[in-house]
Amino acid sequence: MNKIGFNVLAWSAEISEALLPILDRLKEIGYDGAEFFIGGTDEKACKLVGNHCQNIGLEVTTVTVMGADENPISSDPKIREKSVEKLKWILDRAADLNSQVLCGPYHSAFATFASRAPIEEEYIWSAGVLNAVADHAQKLGILMTPEALNRFECYLANTMEQLDYLLAKVNHPNVQAMFDTHHANMEEKKLGKAIELIAPRLGHFHISENDRGTPGSGHVPWDETFSTLKKVGYSGWLTIEGFTRNDPAFANAIGVWRNFSEPWDMAENGYKLIKSMGEKYGL
């Protein structure tokens, strides 16, 4: 059975003691794990929350992004080196949380554009950075799963075809792919075909509605999605990622200007969707 997770960004981008009651309720609903955003996160807070998750039997995955000052595809080698050091620091915080996976669009800087299409050198630079931290992640027991993002937030990897091209250059067993149905809904012609394309490298999966609200409330083709996951034999996490304005600073940074759904509606009804689809397709 695939494990089911929920990204607590629906409440907060900050890792702190305030999340503990939320984690307890997610466990009560039936979730196998929680996903946390790692930014300028405090080591002590990561250990506190990680220990709490361990104590209640909740597993952990994590997500992060890179900024323009630490862009893995910068033409400046000093900035690329800074990205290596930042990713190693992020992986250490992920280890403090007992994280199994570090996902996110950290192949390049978030919402940082060059006013042109990606060039070959940028794929080479990105692959070099990811390779430089892959062994560190592997020693920590953390699988790296870079994510393709929509065209408004990234230009290096919008599609599974581009992500597959990048990961072929990385060529490291501890660097696999992440698929997010929200981004794929915008960038792929057919979700099923995109899942099949990336299946040999697929290591993490986000269940996200087209508007980032409650899964099942929008128009993402869930039958096609889950039937294809069964077809390709995917056995990893199915983690819900939905956004709100509960954390205004984070919401402003990613262009979330209204609440698409309330967090507990996402958590409770999204869980029911995954369970029903899992039973329907034998996941």
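Annotations
- Scoring residue 212 on the criteria (1) of a type in the set (D, E, K, R); (2) under 16 Å from the mean Cα position of the chain (by Cα); (3) open to solvent by 50 Å² or more (accessible area, probe 1.4 Å) leaves a single failure, condition (3).
- Scanning segment 147-191 for residues that are among the charged types (D, E, K, R) and open to solvent by 30 Å² or more (accessible area, probe 1.4 Å) turns up 151, 153, 161, 164, 169, 187, 188, 189, 190.
- Top-ranked residue in segment 120-146 [being surrounded by 21 or more Cβ atoms within 10 Å (Cβ to Cβ) and of a type outside the set (A, V, I, L, M); ranked as nearest to residue 201 (Cα to Cα)]: 145
- Here 147, 122, 187 are screened, and the one residue that is charged (D, E, K, R) and under 25 Å from residue 271 (Cβ atoms) is 147.
- Residues that are farther than 21 Å from residue 62 by Cα and over 19 Å from the mean Cα position of the chain (by Cα) within segment 225-251 comprise 227, 228, 230, 231, 232, 233, listed in sequence order.
- The residues in segment 1-18 that are within 17 Å of residue 268 (Cα to Cα), in contact with a helix residue (DSSP H, G or I) (Cβ under 8 Å, 6 or more places away or on another chain) and surrounded by 19 or more Cβ atoms within 10 Å (Cβ to Cβ) can be counted, and the count is 5.
- Tally, over segment 229-283, of residues that are part of a helix (DSSP H, G or I) and not aromatic (Phe, Trp, Tyr): 25
- Residue list for segment 21-69, restricted to those being more than 22 Å from residue 143 (Cβ to Cβ) and either assigned to a strand (DSSP E or B) or open to solvent by less than 30 Å² (accessible area, probe 1.4 Å) (or both): 22, 30, 45, 67
- Yes/no for residue 240 being open to solvent by less than 50 Å² (accessible area, probe 1.4 Å) and within 25 Å of residue 142 (Cα to Cα): yes
- Residue within segment 81-91 that is open to solvent by less than 60 Å² (accessible area, probe 1.4 Å), of a type in the set (Gly, Ala, Ser), farther than 30 Å from residue 1 by Cα and part of a loop (DSSP other than H, G, I, E, B) present: no
- Selection from segment 92-118 of residues that are open to solvent by less than 60 Å² (accessible area, probe 1.4 Å) and in a loop (DSSP other than H, G, I, E, B): 97, 105, 106, 107, 108, 110, 111, 112, 114, 118
- Count - residues of segment 215-235 that are of a type in the set (Ser, Thr, Tyr), open to solvent by 50 Å² or more (accessible area, probe 1.4 Å) and in contact with a helix residue (DSSP H, G or I) (Cβ under 8 Å, 6 or more places away or on another chain): 1
- Residue tally, condition surrounded by 21 or more Cβ atoms within 10 Å (Cβ to Cβ) and touching a Ser or Thr at 6+ places or on another chain (Cβ under 6 Å), over segment 243-262: 1
The values are calculated or read from the model by the stated rules, or taken from the named source; none is laboratory data. Everything numeric here is computed off the predicted structure, so don't read it as measured data. Cβ coordinates were reconstructed from backbone atoms using ideal geometry, including for glycine residues, and neighbour counts include every protein chain displayed. What goes into the accessible areas is simple: the full protein's heavy atoms, side chains included, and nothing from ligands, DNA or RNA. Shrake-Rupley method; radii C 1.70, N 1.55, O 1.52, S 1.80 Å.
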